[in-house]
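Q: I am attaching a structure below and will ask some questions about it afterwards.
All of the numbers you see were taken from the coordinates with simple rules; none came from a lab. Treat the numbers as computed from the prediction; the structure is a model and nothing was measured. Here Cβ is always computed from backbone atoms with ideal geometry, including for glycine, and neighbour counts include all displayed protein chains.
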Amino acid sequence: MAEDAGFDCERAAEMVEELRSGFRTGRTAEYEWRVAQLKGLVKMIDEREDEIVSALHKDLNKPHLESFLQEISLVRASCLLALKELKRWMKPEKVPAPVAAFPASAYIVSEPLGVVLVISAWNYPFLLSLEPVIGAIAAGNAVVLKPSEIAPAMSSLFANILPKYVDNSSIRVVEGGVAETTAILEQKWDKILYTGNSKVGRIVMTAAAKHLTPVVLELGGKSPVVVDSSSDLQVTAKRIAVGKWGCNNGQACIAPDYIITTKSHAPLLIDAVKIALEKFYGKDPKESKDLSRIVNSNHFKRLIRLLDEDKVSDKVVYGGQRDEKRLFIAPTILLDTPLDSLVMKEEIFGPLLPIITVDKIEESFNIINSGTKPLAAYIFTKDKKLEEKFIKNISAGGLLVNDTTLQVASPHLPFGGVGESGMGAYHGKFSFDTFSHKKGVLSRSLGSEAPARYPPYTPQKLKLLRGLLNGSILAIISVLIGWPRLE
Amino acid sequence: MESVGLDLLVEELRDTFESGKTRDFSWRKAQLKSLLKLLEEKEEDIFMALYKDLGKHHCEVFRDEVGVLIKSVNYALDNLKTWMAAKKVYVPLAAIPSSAEMVPEPLGVVLLFSSWNFPIGLSLEPIIGAISAGNAVVLKPSEIAPASSEFLAKNIPLYLDNKAVKVIQGGKRVGEQLLELKWDKIFFTGSNRVARTIMSAAAKHLTPVALELGGKCPAIIDSLSGSRDRKVAIDRVVGGKWGPCCGQACIGIDYLLVEEKFAPVVIELLKATIKRFYTKREYISKIVNMQHFQRLSNLLKDPAVAESIVCGGSIDSETLFIEPTILVNPPLDSDIMTEEIFGPLLPIITLKKIDDCIRFLRGRPKPLAIYAFTNNEKFRKRLIEETSSGCIAFNDAVIQYACDTIAFGGVGQSGFGQYHGKFSFELFSHSKPVLRRSFLTEFSFRYPPWNERKLKFMRLLYRFDYFGLVLLILGLKR
């Protein structure tokens, strides 16, 4: 049973209290419980795939293959990985005995945080809801999921089917908009993972501060693509095109936002991208079934504003067509839009691709570094030196050389931002870690003693302490024999 | 200091960071070595500052602050190269041209707030981490320990790179001005109340924070047999309560949980040990200031609390001295049992059975540490699994602070973010994943136009395993 509208602070507090009592029984910490929930999610995907694809199509006009590849199969794979690795993740990790506490033994134990909140976004509403939930469950927490109301079909699908496959006493879905989200944020959570924009990210962190709740914020930014003339033209163009328009039509936090290339290389690149686009979407992209639409008229109007700004409207070299009724904007390439134009200052999150040209490719680094740190940065080059410089000088959530967007698919790399693009990371084991508390366990025996620690203080004791804290052999021996002896 | 002045100061640090100087291994190593020099050459000055601020004996200062710092700097110097190196990451792709690694990079310009009870230790320990990770740093020491703050303001510029590490002294107003600026990370040690203000301010700039707070750290004492075990245990309990800054320590023992049958033994041993240790007044620190002195005295004013005193209780406002005081079963709803004591008062709560401590702790805010003196393996296991705290230590107290291999930090109300050892380095770094692909392998299934045939094919392959599918898309499987 999901919470319905009319969900206010009181209802939210009750819900959290219920979940907390449930958590205290220790049920969610049990290995068997975690496994059962993850298996439930896999079953849900296997049995309800059609409904999931249909909801994504309703909300975003997302092509079947994109839904399958970029959302459903990623989530299923994450569940399977967690099921396979969970025992290993849950095992305490022995660490070297700390010298200053000799003799001692130490290890680190992962324990669940308690009751956590996942707030997801509208552009990958299935993936960005369940991927964090998988981590929360694997780590043994109770969890509340608040899907985005801007993808209402998916939100309502979660509310309907999730309770049928997982333990509803510890895993809940809350639907709603600003009012419901505010009510939820007033409560005390043990961790919050939010995916969305930086404005709301600030609101989430401010609310969390009242309860000293740690947060993971997965935000966005302008993910730049540096293209050097040494790169393979055809492959580069295709990989940029599929990363841009093949990912929810540019409405993805790690989609290539804009390109920087040299003045001489730009015409070649533009032609190659045009060829790729025609291959992908045909001569009339409006008729292609393989493009997601713009999510709603707010975002449509926002994108048109970027496109029609005075100093930008004459920079269109491909595309530019739009149809408000169908929430359609054609894949559009712009050349040398001024760096202070809106399209170059805001995260585009749509099918517009500005290409900025420079004389020497190294100048691209300054352009990128003059903005805030993005979630991802890409470079296409065969020049090893340039690649090294890029890696050294560009700070972003993650870097990818000679491709786009794939970092999301690797469960062995942490996915998260830095600076304005966010804080914290998840995916794979990092999800488990982010929803766990890593508790240090130190064990000493009562057998040996270092009286030098205690008063009455003497110069000899100080000498011994010096040695002990520096791990000197003599000091350690004296600890073992308990010298100086107590009177 | 004017906030305009602060602006310029931080801009200077940002310029220094942008220049790339702080990223060099040689720069970081030189700073750490200098820090070692500072600790060795200025040891006497540190002893004097801490005596002035807190009446600490120099052995305590060495044991809890200077000695630990020397160990930490050496540990960082030994491991810096390893920490800074990019680490290869396993990528589950059968063949070639794809590789991944994690590249640690500094965050930029970080702000450290330290606390008054271990004013040198809690200032320099995070600085070690921030510098090792290659950041520029502003340290704002606590004004409640003015001699230590002055020491840091005077000596850090003499030993560390003044263009990259700055000490800014001042009180609440200066703290607020600093919080208005944009930082790449804020590290705070102190109280929950101030922590909320700091995190709210940080939220405006989306600055990540680490909060090292406190709580009521209990010490659970099981019925130990054998006089040697009991002696060592109680020595450690006394050392863990009154040793660090006279109880004014976030990981100091706050109260005891003991079985009622065993309590008399514990009380007698405590009294004897206190007498044995504190033969001179100088072996115990004083209360830091009148405000805290009055706060602590007020805890004892509650008549039901005063009644429960079995040892000590005398106070001297002129020397800010409060005698080591033991109480037995003060009311659980009294301030002394609901607030963090942070002083030399030790309540003992008795339980029918020692196992009841688990129920006692459940539902109470998670402390920075839980201590348990017991040799019972089953009991230990239950404690690890059924309680939560920043860390848990068996048969000793406070000593986890000196350990580099287990992370130091809280959970829940005791804070978040962990440091010490390599965790300090990681706390002040961004671990950047870098994935490399080659141009050579391509696969058409990845690209539109998508059709039923492509979907069917992928679904077939997908039934075997997802990573096979990824291989397919990356063109490494036919």
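Q: Taking just the C-alpha trace of region A:321-473, give me its Rg and Dmax in Å.
A: 27.0, 86
Q: For region B:229-294, what are the per-bin percents of Cα-Cα distances with bins 5 Å wide, up to the bin holding the maximum?
A: Using 5 Å bins, I get a P(r) of 3, 16, 23, 25, 17, 10, 5, 1 for region B:229-294.
Q: Which value, in debye to the nearest 20, gives the size of the charge dipole of the protein assembly as shown about its Cα centre, when Lys and Arg are +1 and Asp and Glu are -1 at the Cβ?
A: About 2160 debye.
Q: Restricting the calculation to Cα positions, tell me the Rg (one decimal) and the Dmax (whole number) of chain A in Å.
A: 26.8, 95
Q: When you take every Cα atom in region B:292-390, what is the radius of gyration, and what is Dmax, the widest Cα pair distance, in Å?
A: Here Rg and the maximum Cα pair distance are 15.4, 49 Å.
Q: Sort the following peptides by mean Cβ neighbour count (other Cβ atoms within 10 Å, averaged over residues), highest first: B:203-213, B:119-129.
A: The densest-packed peptide leads the list: B:119-129, B:203-213.
Q: If you split all Cα-Cα distances of region B:218-409 into 10 Å bins from zero, what percentages do you get per bin, shortest first?
A: Spelled out per bin, shortest first, that is 9, 38, 38, 14, 1.
Q: Additional query: Give the Kirkwood hydrodynamic radius (Å, one decimal) of chain B, defined as one over the mean of 1/r across all pairs of different Cα atoms.
A: Evaluated on chain B, it is 24.8 Å.
Q: Once the piece of chain linking B:K172 and B:R364 is laid out straight, how much longer is it, given 0.36 nm per residue of separation minus the C-alpha distance between them?
A: Using 0.36 nm per residue and subtracting the Cα-Cα distance, I get 66.1 nm.
Q: Same structure, new question: Exceeding 19 Å between C-alpha atoms, which entries from my cross-link table qualify? They are A:K263/A:K360; A:K373/B:K140; A:K191/B:K216.
A: Pairs exceeding 19 Å: A:K373/B:K140; A:K191/B:K216.
Q: Per residue, what volume in Å³ does the Cα convex hull of region A:224-415 take up?
A: Dividing the Cα hull volume of region A:224-415 by its residues yields 114 Å³.
Q: Here's another thing I want to ask about it. Rule-of-thumb check for region A:291-401: C-alpha Rg over 2.2 N^0.38 Å?
A: 1.19
Q: Note down the Stokes-Einstein diffusion coefficient of the protein assembly as shown in µm²/s, whole number, using a Kirkwood radius over alpha carbon pairs, 4 °C, and 1.567 mPa s.
A: The Stokes-Einstein estimate is 43 µm²/s.
Q: How do B:S225, A:S169, A:S120, A:S313 rank when sorted from fewest to most other Cβ atoms within 10 Å of their own Cβ?
A: B:S225, A:S313, A:S169, A:S120
Q: Give A:K289/B:K456; B:K52/B:K271; A:K62/A:K311; A:K438/B:K231 a once-over and call out the pairs whose C-alpha atoms are over 26 Å from each other.
A: As for pairs spanning more than 26 Å Cα to Cα, those are B:K52/B:K271; A:K62/A:K311; A:K438/B:K231.
Q: Here's a follow-up. Please report B:C311, B:C245 as a ranked list, fewest other C-beta atoms within 10 angstrom at the top and most at the bottom.
A: Listed from fewest to most nearby Cβ atoms, that is B:C311, B:C245.
Q: Now, a different point. Mind pulling the angle between the C-alpha long axis of helix B:25-41 and the longest principal axis of chain B? Nearest 10 degrees, somewhere in 0 to 90.
A: Helix B:25-41 sits at roughly 10 degrees to that axis.
Q: Treating only the Cα positions of region B:31-135 as identical point scatterers, give the base-10 log of I(q)/I(0) from the Debye formula at each q in 0.11, 0.18 Å⁻¹.
A: Ignoring solvent entirely, the Cα scatterers give -0.46, -0.90.
Q: Translational diffusion coefficient, Stokes-Einstein: compute it for region B:93-245 using the Kirkwood radius over C-alpha pairs as Rh, at 4 °C and 1.567 mPa s, and state it as an integer in µm² s⁻¹.
A: This corresponds to a translational diffusion coefficient of 71 µm²/s.
Q: Now, a different point. Near the amide H of A:Q321, under 5 Å away, which other amide H atoms are found, from residues 5 or more places off or on another chain, if H is placed in the peptide plane?
A: When sequence neighbours closer than 5 places are left aside, the close amide H contacts are A:A330.
Q: State the Cα centre-to-centre distance between region B:57-79 and region B:184-221 in whole Å.
A: One Cα centre to the other: 24 Å.
Q: Rounded to whole Å, give me the distance from the Cα center of region A:160-187 to that of region A:188-245.
A: Answer, in whole Å: 24.
Q: For q = 0.21, 0.23, 0.25, 0.30 Å⁻¹, what log10 I(q)/I(0) does region A:96-155 give under the Debye formula with an equal point scatterer on each alpha carbon and no solvent?
A: Here log10 of I(q) over I(0) equals -0.78, -0.86, -0.94, -1.13.
Q: Which number comes out as Rg/Rh for region A:54-210 once both Rg and the Kirkwood Rh are worked out on C-alpha atoms?
A: With Rg and the Kirkwood Rh in hand, the quotient comes to 1.06.
Q: Using only the C-alpha atoms of region A:185-317, find the volume of their convex hull and express it per residue in Å³.
A: 161 Å³
Q: Can you find, among A:M15, A:P456, A:S78, the residue sitting farthest towards the positive end of the charge dipole of chain A, where Lys and Arg contribute +1 and Asp and Glu -1 at Cβ?
A: Farthest along the dipole direction, towards plus: A:P456.
Q: Can you tell me what the convex hull of the Cα atoms of region B:9-49 projects to on average, as an area in nm²?
A: Answer in nm², one decimal: 3.8.
Q: Sticking with this one: How big is the Kirkwood radius of region A:291-332, worked out from every pair of different alpha carbons and given in Å to one decimal?
A: That comes to 10.6 Å for region A:291-332.
Q: Next up: Over all pairs of distinct alpha carbons, what does the Kirkwood formula give as the hydrodynamic radius of region A:1-77, in Å?
A: The Cα-based Kirkwood calculation yields 15.3 Å.
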